[in-house]
Amino acid sequence: MYTEEMLASMKKVEAARERNTDLEPRRMTAEEKETLLATYHPDYKQGEFAVLQVGPNKGEKVPTELAALLQGKSRVADLTVDLTHPAYDVDVLVIGGGGAGASAAIEAHNAGANVMVVTKLRMGDANTMMAEGGIQAADKPNDSPAQHFLDAYGGGHFAAKKELLYKLVTEAPEAILWLNELGVEFDKAPDGTMITTHGGGTSRKRMHAAKDYSGAEIMRTLRDEVLNLQIPVVDFTAAIELVLDDKGHAAGAVLQNMETGEILVAKAKTVIIATGGAGRLHYQGFPTSNHYGATADGLVLGYRAGAKLLYADTLQYHPTGAAYPQQIFGALVTEKVRSLGAKLINAEGEAFMHPLETRDVSAASIIRECGDRGKGVKTPEGVGVWLDTPMIERKNGAGTIEKRIPAMLRMFGKYGIDIRKEPILVYPTLHYQNGGLDIDTDGQSGVENLFVAGEAVGGIHDRNRLMGNSLLDIIVFGRNAGQHAAAKAKQVTVGRLSLDHVQAFAAACRQAGIESDVVSPKLLPNYARKAR
Amino acid sequence: MSEMVNVYLMGKQYQVPSDLTIMKAMEYAGYQLVRGCGCRNGFCGACATIYRIKGQQQLNACLACQTKVENDMYVATLPFFPLVKQVYDINKVSPTQQIMMQLYPEIYSCIGCNACTKSCTQGLNVMQYIAYAQRGDFEKCAEESFDCVMCGVCSARCPAGISHPQVALLARRINGKYLAPKSQHLADRVQEIRNGDFKELIEGLMNKPLDEIKELYNTREIEQ
Ligand SMILES: Cc1cc2nc3c(=O)[nH]c(=O)nc-3n(C[C@H](O)[C@H](O)[C@H](O)COP(=O)(O)OP(=O)(O)OC[C@H]3O[C@@H](n4cnc5c(N)ncnc54)[C@H](O)[C@@H]3O)c2cc1C
Ligand code: FES
């Protein structure tokens, strides 16, 4: 399966395996890390960011691709949308059918609101479905919400919004209980004790899991509950613009059928954006671990309506995406592989770094190895370094891989690579949108009656999210947004519907000299090879 | 560039590189996918696909994002299948065989043909987990069906009209909620937080000057 050139390099990896297995590579000093990040981490690459000319974050920088979309051409620009006869009229409109959207819909329904969900693909075709690792909560006697706070606050570089983080950690055990009561199967010991492990940056073992299908188990259960509650779900339907009323409050959305192109209007007393991340924008040309619909649509919708972004310039590049074979290019190779003892090795067979540095540092270090140092292994799609998986069984005994990381064994096995015997090639992959729309503790954005939940939010995790805190945030803040949006809806009288804000935004763009033909939101990446 | 193979997408012939997945082969051929593509990595079940290699009798099923093309492969996608999902109140169901008889009685019409198991894109023993469900052994049904991505191929092949993935989902929810042991430490912690036990500790931490928080973070003890 591997090419000649790869096999030649692999020989060196094999020759050095015994020595490398026992080696404990030095951890970097704080200073070394800082320089490394500043020089090699994609977030610090000057040329890859653009300064926004228009809107609430005018003057701030965001990734070039995102700026093009935020200041792009609206999908309703050339349409006459009839706002006077909305196809749907509800209390709460939830945009996005992932974990955050489902949690919000369930809670809004339980609070007595008339709720509806629109989602771009099918309900559950979402990043939530793909999470393998687990979900954090401080529910063990040796742990506390304060300890959880400290881990997350420090891991994010001490700039998260404290009141949001407070909510995240204090409501975490409640979130796990809620899921468990809905029937989510967590890994437990026979006496009912949750089986919990470490994740990068945790000081206590508080990662709860459902085998290596944690997100799937949560998502399919929430989806089933939404259907049991008979909440209407309109699938293959994207929100393409928010609708405001004459007071400038959120009052619905313009929807587009993904297949027929039909345009419909949904009127609502409150709106919740739960559209997830941005991996499919392939920032700086990176591959991604994200689902097909992760194109930052919610950020575009919210921004044009006047909602502010926070930390939109920070992304998480997971250090170990699959670099080869090309069929799984960019797919996630879970952190667990390294915590079980596999080390990162360059083309020359050298263990060039400690395998358990934080995600941002590890990613930067791999990029340096493959770039300036020229010690990467060439692949059809680019370049990568070795992750020496056979070390795992040298260290922990035969059978470990099948028992602890079966999904990885299966993923590479399909392409003739037995990770017990051969190392694999990895390179950083675009994984998580740290920043997003700014919210208060009720989940409301800067725009009245517009709520946001999940990966579309910025500020909870600061500039670097810890593993296991995202599944947690979609539950805690998803439920929170649903409850508050339902309560708020009781007091709202919607005024005359309008899309004036879209026109005003376009006019501001023109004034700033931006005449873009980039149509946004993007909805889906274009992977079709032939020109259409 | 790798060698090219012949594939027939919905019966129409295309030449595509042999190392592509079926999903990427469709995109290579020029399709802009909307249906039949979700996670692109084997978790969501959106890309159920049936195929037959020219000249062979056997009909195969797979996930398009997880399967490489082969020469002379006839491919038909199955982006939607009408599974039957019964509506129920998880707080009111009883964790006994009764509930299956009530919600999914068709499982008792299983004729044991094993077509479900043979077609499973995840390689699960589907007929076996249905047998567990028939007996009301939800724990075993949950365990056996855990990796199901609900692609619906089993159901498409079933002469008895069973919606296997939905049966399994019900079993797993019942198992997770009622049968698996309760976590006392979790219930205790939720109660402690409701009582406000940690309020002072965490607010004390939050209100410390940044330097002190940094110091606490950098010197925190890490559980082994
Ligand atoms: C491979 C992978 C592994 C991960 N592992 C972990 C882990 O172990 N632990 C952890 O805590 N986190 C993990 N994460 C992160 C976590 O899973 C996600 O951040 C989280 O699930 C996001 O949930 P969400 O509901 O906000 O977004 P999503 O689950 O992505 O849902 C968003 C939904 O909105 C829809 N949508 C988008 N735009 C529109 C539009 N314009 N109109 C209508 N609908 C739209 C999308 O199609 C999708 O259905 C992982 C992520 C990935 C990709
Ligand atoms: S696209 Fe999700 S399983 Fe193939």
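The values are calculated or read from the model by the stated rules, or taken from the named source; none is laboratory data. On a predicted model such as this, the values are computed, not experimentally measured, just so you know. Don't worry about glycine lacking a Cβ; one is built from the backbone with ideal geometry, like all the others, and counts go over all protein chains shown. Accessible surface is based on the protein model in full, side chains and every heavy atom, while ligands, DNA and RNA are left aside. Shrake-Rupley method; radii C 1.70, N 1.55, O 1.52, S 1.80 Å.
Phi angles of the stretch A:91-102 translate, via the Karplus equation with coefficients 6.51, -1.76, 1.60 and θ = phi - 60°, into HN-Hα couplings of 6, 10, 9, 9, 9, x, x, x, x, 5, x, 5 Hz per residue; Gly and Pro are given as x. Modelled spin-label separation between B:TYR217 and B:GLN13, with each label point placed 7 Å from Cα along the Cα-to-Cβ direction: 6.3 nm.
In terms of its Cα atoms, the stretch B:154-224 spans 68, 27, 24 Å along the principal axes, sorted from long to short. Whole-percent P(r), the stretch B:97-179, all Cα pairs, 10 Å bins from 0: 21, 58, 20, 1. Based on every Cα atom in the stretch A:1-113, Rg and the maximum pairwise Cα distance Dmax equal 26.0, 73 Å. Accessible area per residue was computed with a 1.4 Å probe on protein heavy atoms; A:TRP178 scores about 40 Å². Sorting A:229-236, A:205-212 by their mean Cβ neighbour count within 10 Å, with the most densely packed peptide first, gives A:205-212, A:229-236.
Seen from A:GLY371, the other residues with C-beta closer than 14 Å to its C-beta sum to a net charge of +3, counting Lys and Arg as +1 and Asp and Glu as -1.
Please give the average number of partner chain Cβ atoms lying within 10 Å of the Cβ of each residue in A:324-335, rounded to a whole number. Partner-chain Cβ atoms within 10 Å, mean over residues of A:324-335: 3. Note on chain B: with a GNM built from Cα contacts shorter than 10 Å, the maximum mean-square fluctuation among B:GLN13, B:GLN32, B:GLN86 falls on B:GLN32.
For the listed residue pairs A:LYS61/A:LYS267; A:LYS140/A:LYS308; B:LYS54/B:LYS118; A:LYS167/B:LYS208; A:LYS120/A:LYS188; A:LYS33/B:LYS199, the alpha carbons are over 26 angstrom apart in A:LYS61/A:LYS267; A:LYS140/A:LYS308; A:LYS120/A:LYS188; A:LYS33/B:LYS199. Legend: calculated FRET efficiency, B:THR96 to A:ALA189, from the Cβ-Cβ distance at R0 = 30 Å, rounded to 0.05, equals 0.75.
Take the Cα radius of gyration of the protein assembly as shown and divide it by 2.2 N^0.38 Å, N being the number of residues; the result is 0.93. Projecting the alpha carbon convex hull of the stretch A:142-231 along each direction and taking the average yields 7.1 nm². Ranked from largest to smallest solvent-accessible area, with a 1.4 Å probe on the protein heavy atoms, B:LYS85, A:LYS375, A:LYS414 come out as A:LYS414, A:LYS375, B:LYS85.
Each pair of Cα atoms in chain B enters the Kirkwood radius, and Stokes-Einstein at 10 °C and 1.306 mPa s then converts it into a translational diffusion coefficient of 75 µm²/s. Per the Debye calculation on the stretch A:312-383 with a single equal scatterer at every Cα and no solvent contribution, log₁₀ I(q)/I(0) for q = 0.12, 0.15, 0.17 Å⁻¹ amounts to -0.32, -0.51, -0.66. Inter-chain Cβ neighbour count for A:178-191, averaged per residue, equals 5 (cutoff 10 Å, partner chain atoms only). What fraction, in whole percent, of alpha-carbon pairs in the stretch A:414-531 exceed 22 Å separation? The calculated P(r) of the stretch A:414-531 puts 62 percent of pairs beyond 22 Å. Per-residue extension of 0.36 nm, minus the Cα-Cα distance of B:TYR88 and B:TYR178, leaves a gain of 30.9 nm for this segment. Go ahead and set up a Gaussian network model of chain B, Cα springs under 10 Å, then flag whichever of B:GLU143, B:GLU200, B:GLU106 fluctuates most. In the Gaussian network model the winner is B:GLU200. The mean accessible area for residues of the stretch A:1-99, using a 1.4 Å probe and ignoring ligands and nucleic acids, is 56 Å² per residue. Applying the Kirkwood pairwise sum to the alpha-carbon positions of the stretch B:4-77 produces a hydrodynamic radius of 12.1 angstrom. If you take the Cα centroid of the stretch B:165-183 and the Cα centroid of the stretch A:448-484, the two points sit 27 Å apart. Residues considered: B:GLY42, B:GLY204, B:GLY161. Largest GNM mean-square fluctuation over chain B, using C-alpha springs under 10 Å, is found at B:GLY204. Taking every residue in B:41-53 and counting other chain Cβ atoms within 10 Å of its Cβ, the average works out to 5. The modelled label-to-label distance between A:ARG26 and B:GLN57, using points 7 Å beyond Cα along the C-beta direction, is 6.8 nm. Rounded to the nearest 500, the 222 nm mean residue ellipticity of chain B from helices alone is -10000 deg cm²/dmol, with -39,500 (n - 2.57) taken per DSSP H run of at least 4 residues. Let me know the volume per residue of the alpha-carbon convex hull for the stretch B:54-122, in Å³. Spelled out: Cα convex hull of the stretch B:54-122, divided by residues, is 146 Å³. Charge tally around A:GLN326: other residues with Cβ under 10 Å, Lys/Arg +1 each, Asp/Glu -1 each, net -1.
Normalised by 2.2 N^0.38 Å, where N counts its residues, the alpha-carbon radius of gyration of the stretch A:292-340 equals 1.65.
The modelled label-to-label distance for the pair A:ASP246/A:SER498, using points 7 Å beyond Cα in the direction of Cβ, is 0.8 nm.
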